[in-house]
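Report on the following structure.
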Amino acid sequence: MRTLEWRQDHVVLIDQTRLPQETVWLEVADVDAMIDAIRRLAVRGAPAIGVAGAFAVALAALRAEREGRDVDFVRAEADRIANARPTAVNLAWAVERVVAVAHDGAAAVVAAAQALADDDIVTNRALAQRGADLVVDLVGVPVRVHTHCNAGGLACVEWGTALGIVRALNERGALTSVTADETRPLLQGSRLTAFELADQGIAHQIVADGAGPSVIARGLTDVVIVGADRIAANGDVANKIGTYPLALAAARVGMPFIVAAPESTLDPVTPDGDAIEIEERDPDEVLSVAGRRMAPHESTALNLAFDVTPADLVTAIVTERRVIRPAEGERL
């Protein structure tokens, strides 16, 4: 099942804010609605928001065609879309890919966006098989995987990156279980990763974010596999907040820490993690739960959406084309 796809003149996508309680499909027919969906995380995950951004450019091109506007209108809308969320590089990458054909008309933009969505599935399936091979080589079988946030089919068009590797391991009979961090404050692990694992019949347990490093230290898992939102030229990895402590714990006990991401997430223009813009989200996401204020009204919150794991803690980055080993000094 695709998490988002093009339907004639609009986009349909799963509203991930409603999972796992209910599956609700949104129909998105204009750029403003897509930007809203991206910002409020109705669609999320670096590959998925890249495709969503490409589809948003297609919506802009259709509007330009209807209203007799020129290509400059499409480019201006593309700039707005690309800046909807700052950390994940896939968004700007995908927008640039499709806006490049805007001078050929709306049909060309739609076709380019649809091709990008199709490519995402092929890319992540290839990444998953390469990643599964690497995991087996590093830790043998059977394997217990620890993961953080959601890097499955919901974060992509259909297959997944980190959870794509989990799926490939499971299909080979090489997987014992998965430990998924809850992923505060929006619980992408307990809501979305657990939802996907349960749907696939994969044994799993959810742990509090703060418990993740202790699970690793106690030898209750064999390998950490996470996704990424941007990877700098030196191999520093930006991913959901809470990833860095897992990498520290894994390094302490000599456990492999693997990052699964398509080539589109690699950003050779950004030299290192210090140059990655880290998104700060609404403090109320931390101060409240399910709309109910949990902290004193005098309290404030710093809601960093991502952290940066230094390259020397990253055993390997797996893409659809290659394996990069930042901890050994390899660069992109």
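The values are calculated or read from the model by the stated rules, or taken from the named source; none is laboratory data. Model, not experiment: these values are computed from the prediction. Reconstructed Cβ throughout: ideal geometry from the backbone, glycine too, with neighbour counts over all protein chains shown.
Can you tell me which residue within the stretch 33-53, out of those that are among the charged types (D, E, K, R) and part of a loop (DSSP other than H, G, I, E, B), is surrounded by the most Cβ atoms within 10 Å (Cβ to Cβ)? Among those residues, the one meeting the criterion is R44. Every condition in (1) of a type in the set (S, T, Y); (2) surrounded by 15 or more Cβ atoms within 10 Å (Cβ to Cβ); (3) under 22 Å from A180 (Cα atoms) holds for S214 except the one numbered (2). Against the numbered list (1) over 23 Å from V143 (Cα atoms); (2) within 19 Å of the chain's Cα centre (by Cα); (3) not hydrophobic (A, V, I, L, M, F, W, C), P245 comes up short only at (1). If you go through the stretch 12-32 one residue at a time, do you hit one that is within 21 Å of L154 (Cα to Cα), in a helix (DSSP H, G or I) and in contact (Cβ under 8 Å) with a residue 60 or more places away in the chain? Checked the stretch 12-32: at least one residue is within 21 Å of L154 (Cα to Cα), in a helix (DSSP H, G or I) and in contact (Cβ under 8 Å) with a residue 60 or more places away in the chain.
Scanning for something crowded, with 22+ Cβ neighbours inside 10 Å and touching a His at 6+ places or on another chain (Cβ under 9 Å), does the stretch 150-163 turn up at least one residue? Checking the stretch 150-163: at least one residue is crowded, with 22+ Cβ neighbours inside 10 Å and touching a His at 6+ places or on another chain (Cβ under 9 Å). Flag set for E196, criterion: surrounded by 23 or more Cβ atoms within 10 Å (Cβ to Cβ), touching a helix residue (DSSP H, G or I) at 6+ places or on another chain (Cβ under 8 Å), charged (D, E, K, R) and not assigned by TED's automatic domain parsing to the domain that holds G45.
Within the set P268, P262, P296, the sole residue that is more than 19 Å from the chain's Cα centre (by Cα) and not assigned by TED's automatic domain parsing to the domain that holds A82 turns out to be P296.
Scanning the stretch 227-240 for residues that are among the aliphatic types (A, V, I, L, M) and buried (at least 21 other Cβ atoms within 10 Å of the Cβ) yields A228, I231, A232, V237, A238. Within the stretch 245-265, the only residue that satisfies the criterion of being in contact with a strand residue (DSSP E or B) (Cβ under 6 Å, 6 or more places away or on another chain) and surrounded by fewer than 21 Cβ atoms within 10 Å (Cβ to Cβ) is P256.
On the basis of being without any contact (Cβ under 8 Å) to a residue 60 or more places away in the chain, in contact with a His (Cβ under 8 Å, 6 or more places away or on another chain), among the polar types (S, T, N, Q) and not in a strand (DSSP E or B), does T221 make the cut? No; evaluated as a whole, the condition is false for this residue. Looking only at residues that are surrounded by 12 or more Cβ atoms within 10 Å (Cβ to Cβ) and without any contact (Cβ under 8 Å) to a residue 24 or more places away in the chain in the stretch 199-210, which one is farthest from V166 (Cα to Cα)? Ranking the candidates gives G210 first. Looking only at residues in the stretch 272-293 that are more than 13 Å from V308 (Cα to Cα) and in a loop (DSSP other than H, G, I, E, B), the one that is modelled with the lowest pLDDT is A290. When only residues in the stretch 294-315 that are out of contact with any helix residue (DSSP H, G or I) (no Cβ under 6 Å at 6 or more places or on another chain) and not in a loop (DSSP other than H, G, I, E, B) count, which is surrounded by the fewest Cβ atoms within 10 Å (Cβ to Cβ)? Checked the stretch 294-315; the qualifying residue surrounded by the fewest Cβ atoms within 10 Å (Cβ to Cβ) is L304. Residue pairs whose Cβ atoms lie under 7 Å apart, sitting 6 or more positions apart in sequence or on different chains, and linking a residue in the stretch 181-193 that is more than 14 Å from G152 (Cα to Cα) and modelled with pLDDT of 95 or more to a partner that is of a type in the set (D, E) and surrounded by 24 or more Cβ atoms within 10 Å (Cβ to Cβ), do not occur here.
When the residues of the stretch 164-184 are filtered to those that are touching a His at 6+ places or on another chain (Cβ under 9 Å) and surrounded by fewer than 24 Cβ atoms within 10 Å (Cβ to Cβ), which remaining residue is farthest from L304 (Cα to Cα)? The selected residue is S177.
The set of residues in the stretch 54-84 that are among the small types (G, A, S), farther than 15 Å from A107 by Cα and either assigned to a helix (DSSP H, G or I) or at pLDDT below 95 (or both) comprises A76, A78, A82.
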